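Everything on this sheet refers to the single structure shown next.
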Amino acid sequence: MQQQQGQNGLVWFRNNLRVNDNASLKKATENHQKVIAVYFFDPKLFKTDAFGFQKTAKFRAKFLIETIADLKKNLADLNITLFTYFESPEDKIAEICTQFSISNIYSQKEWTTEEITTNHRVKEQLSKETTLVEEYDQFLYHPNLVSTDFSNIPNVFTVFRKKLEKYVSISEEATATKCSKENLAENNTKIPTLKDLGFDEFEVPTKTAFPFFGGETEALKRIDAYFFETKKVAFYKKTRNGLIGTDYSTKFSAWLANGSISAKTIYYKIKEFEAEFGANQSTYWVIFELIWRDYFKYISLKYDTKIFKIGGILDKEYQWYNYQKDINKWIHGETKDDFVNANMIELQQTGWMSNRGRQNVASYFAKELLLDWRIGAAYFESVLIDYDVHSNYGNWMYVAGVGNDPRDRKFNTQLQAERYDANHKFRKLWLEKTLF
């Protein structure tokens, strides 16, 4: 591809915090001799939301700092400088473009409300000579291959999945070009500390099921361990409803959420594993879960802001309550349900909860306590290390009966506890007081 002489490229990292399979990085390094990169710790993401929760609390903040430190190192290996700011993009990006003669900004395409608002504000500040180039870069199945009209996306997951598996291919991973050493720029910016972001240092209990660090390097290590060292992926379908330990599930979700690994990278690693050790239901089931992740993204493309509305995508009217006392008891694990309590205490202390736990506590919140499901979703947004806007709101709508569940189920949390925690091991782990 012909390089544009004298016109420089800027990669604006968002939820695509990786160097492997990064379409924006690939385009920038192909099209420009000079490329720099930027990440903004946007202060808006650390403010309190309408329900009184900090949008990004300490667990995800720590994971994000670790991720950006790793991204900075990996970009340096490509001779690309990463500038980091604890500022809003709209307050800084135009100045960066002027300083470095930027003609094109390359960024991951976003479509939810807050991100679109940020985009508009950024574009207002840019000169006419600077173009924002956006790439859908967070899917397993690329939107360009799936639909020209997102209103056609099926409302039932099985219909969506079967069509994709039959008719749509998965694109190859994108590879960026290494720049020359002359591309490196002087950089006086610093990655903020937890303290800079308004948090105290903290320790996570050693019994956490998610003891992992942020960043692409750690994500690739986890894939290697789960697939090729322990080969646990071959048993995933049997263990995925587990509650204790690191290996009952892949634990890929946190790296997927901030884009330090791509769904395509995981997919091709599964194919590599299957070629060497054979395919089975479990290896397929990891792909199945990646398709679910895609599905919630397509549902949010189809329904836009409806995923944040109380009636959800179905416009259903239920009687929802917002009793603060009940909300607080749920948050602090003080309800009448010990299984719900154990899961909520795990979340509060570690920023992590199993998928089985999430479904149960969300169902209890919406269907038992009849509390406004958006409050539960906002709390998850604040605390979860692996918060992903589309999956979070998609799953909460689903459980609350205003989303894609055609059966509108309610979980019997005590029967679930008997089935998945028959020996009370999980409940004892989080409900019994210990010194350490």
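The values are calculated or read from the model by the stated rules, or taken from the named source; none is laboratory data. These figures come from a predicted structure and were not determined experimentally. In this analysis, Cβ positions are derived from the backbone assuming ideal geometry, glycine residues included, and neighbour counts consider all displayed protein chains.
A few remarks follow.
- Restricting attention to the range 68-108 and to residues that are under 29 Å from His142 (Cα atoms) and out of contact with any helix residue (DSSP H, G or I) (no Cβ under 9 Å at 6 or more places or on another chain), the residue that is surrounded by the fewest Cβ atoms within 10 Å (Cβ to Cβ) turns out to be Asp77.
- Cross-chain or 6+ apart pairs with Cβ under 6 Å, the range 245-269 first and within 22 Å of Leu347 (Cβ to Cβ) and part of a loop (DSSP other than H, G, I, E, B), then of a type in the set (S, T, N, Q) and modelled with pLDDT of 95 or more: Tyr248/Thr239; Asn258/Asn15; Asn258/Thr67; Ser260/Thr67
- Only one of Ile307, Ile266, Ile345 that is at pLDDT 95 or above, β-branched (Val, Ile, Thr) and over 30 Å from Trp430 (Cβ atoms): Ile307
- Qualifying helices (runs of 4 or more DSSP H) (wholly inside the range 142-242; at least 3 residues being under 30 Å from Phe86 (Cα atoms)): 216-223
- Selection status of Arg374, over 30 Å from Lys238 (Cβ atoms), assigned to a helix (DSSP H, G or I) and either touching a residue at least 60 places away in the same chain (Cβ under 8 Å) or not charged (D, E, K, R) (or both): yes
- Exactly one residue out of Asp386, Asp408 is in a loop (DSSP other than H, G, I, E, B), of a type in the set (D, E, K, R), in the same structural domain as Trp320 (by TED's automatic domain parsing) and in contact (Cβ under 8 Å) with a residue 60 or more places away in the chain: that is Asp386.
- Given (1) within 30 Å of Trp292 (Cβ to Cβ); (2) in contact (Cβ under 8 Å) with a residue 12 or more places away in the chain; (3) among the polar types (S, T, N, Q), number of the condition Thr148 does not satisfy: (2)
- Some residue of the range 401-410 being over 19 Å from the mean Cα position of the chain (by Cα) and surrounded by 22 or more Cβ atoms within 10 Å (Cβ to Cβ): yes
- Identity of the residue in the range 135-175, among the β-branched types (Val, Ile, Thr) and under 23 Å from the mean Cα position of the chain (by Cα), that ends up farthest from Asn119 (Cα to Cα): Thr158
- Any hit, the range 132-141, residues being closer than 29 Å to Leu10 by Cβ, outside any loop (DSSP other than H, G, I, E, B) and in contact with a helix residue (DSSP H, G or I) (Cβ under 6 Å, 6 or more places away or on another chain): yes
- Qualifying residue in the range 29-41 (condition: surrounded by fewer than 20 Cβ atoms within 10 Å (Cβ to Cβ) and at pLDDT below 95): yes
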